[in-house]
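Working notes, beginning with the structure itself.
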Amino acid sequence: MILAVDVSYNDTGFVANAVVFDKWTARRQKNAYSLIGSEIPAPYTSGNFALREMPIILQILGKVTESVHIVVIDGYVDLQDKPGMGRILWETLDRKVIVVGVAKTPFSGAVALEIERKGKPLYISA
């Protein structure tokens, strides 16, 4: 199974959503999970996104009942000189899942494949 997860933030906290699907070409999700919280773990810091997002991602992964072998995140797996959120997640999950990062903004020095979606770039890393 593949799980895609993302977190959004507002003035009152965060909302995390995850969907599980069985293959990349699936037209429908198998299941969906949501998590709403009022405490954001850390402020946003470029290059240290995992401090803010990782605790929330781990909380929502704790709700997932399916056996997931790929996790898609909003961010990079690796940054140039240090692990990105994806590598930290991969290591936290004992390297038992593949982590794919999909970022909407470039990060200087990060190794990623740039693809175009609706006229805008996405940066894919694994």
Quiz prompt | Stretchable slack from ILE124 to SER67, in nm (0.36 nm times residue separation minus alpha-carbon distance) | solution = 18.2 nm
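Which whole-number percent is the relative contact order of segment 36-126 (Cα, under 8 Å, 6+ apart)? Working shown, then result.
Details: 142 pairs, mean separation 22.1, N = 91.
Relative contact order here is 24 percent.
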Quiz item: Can you give the accessible area of TYR9, probe radius 1.4 Å, in Å² rounded to 10?
Solution: 60
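Full extension from LEU51 to GLU39: what is 0.36 nm times the residue separation minus their Cα-Cα distance, to one decimal in nm? The partial results should precede the final answer.
Numbers: separation 12, 0.36 × 12 = 4.32 nm, distance 1.32 nm.
Between LEU51 and GLU39, full extension yields an extra 3.0 nm.
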Self-check item: Environment charge of LEU3, counting only residues whose C-beta is closer than 14 Å and scoring Lys/Arg +1, Asp/Glu -1
Solution: 0
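The values are calculated or read from the model by the stated rules, or taken from the named source; none is laboratory data. Fair warning: this is a prediction, and the values are worked out from it, not measured in the lab. For neighbour counting, all protein chains shown are included, and Cβ atoms are generated from backbone atoms with ideal geometry for every residue, glycine included. Just the protein is used for accessible areas: all its heavy atoms, side chains included, with ligands, DNA and RNA removed. Shrake-Rupley method; radii C 1.70, N 1.55, O 1.52, S 1.80 Å.
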